[in-house]
Amino acid sequence: MTAEGRRGRFATTRWSLVFAAGAQGSSPDVHQALATLCETYWYPLYGFLRSRGYSAENAQDLTQAFFARLLEKHAVRHADPARGRFRSFLLASLRNFAANERDRDSAGKRGGGVPMLSLEIEHAEGRFQREPPTDETPERVFDRRWALTLLDRVISRLQAEAAARNDMHSPFDRLKTYLTGDEPQLSYAQTASELGMSEGAVKVAVHRLRRRFRDLVRDEIAHTVSSPEEVEDELRYLWSAVGR
């Protein structure tokens, strides 16, 4: 794709749509774009608050209220994509929001009656407690949580694609271990025997899955930066954040 083509594509990314909301007001597309970005970032922000010493209850209230405020007030009009990535804007905004809300006692005041996003926030504390202790700064841990959450979204997209194809000849749940490293990897020969496939077929399926995985990671990254030139830098940062 040419540079001109990449720039044209960026006209419709989620970040661009969300930023445009500041000038253009609300629309279903803008609301959906912001909601999708919120789904990616809510847990890293919740974990950041917990790492800064907020209780589970207060972190839940603040996270919900923060995203509700973004939707209600179109707060992204204050963002300048040229000055940073969406995750940096959100983290700075959350810091300011939490400081302003510090003296408020009730979630009702925080929420202001705005409908809350469906963020599965009731599961956040269990997820937080399962994380290993770390001496890293809350900011560094936020970046790692962002990276892992983004990769989880990619895995979910791959799984949905496999389900849509009804691809029984290359079962996704087994082959995804070659992407994530969450489980001990079997050799190609072992996987082939387990799945009743040839070793060559397994290698081809894994190669295709890895290629699609890389494409989707790039696509997710592209929706959270403001220009195509930033994609490579953000990809490098993502892999460094998860230690790869």
Legend entry - Cα Rg over Rh - segment 134-244, Kirkwood: 1.03
Inset, instruction - Mind ranking 150-162, 55-67 by how tightly packed they are, going by the mean number of other C-beta atoms within 10 angstrom, highest first? - result: 55-67, 150-162
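Where a number appears in this text, it was derived from the coordinates with a stated rule and is not lab data. Model, not experiment: these values are computed from the prediction. Every residue, glycine among them, receives a Cβ derived from its backbone with ideal geometry; neighbour counts consider all protein chains shown.
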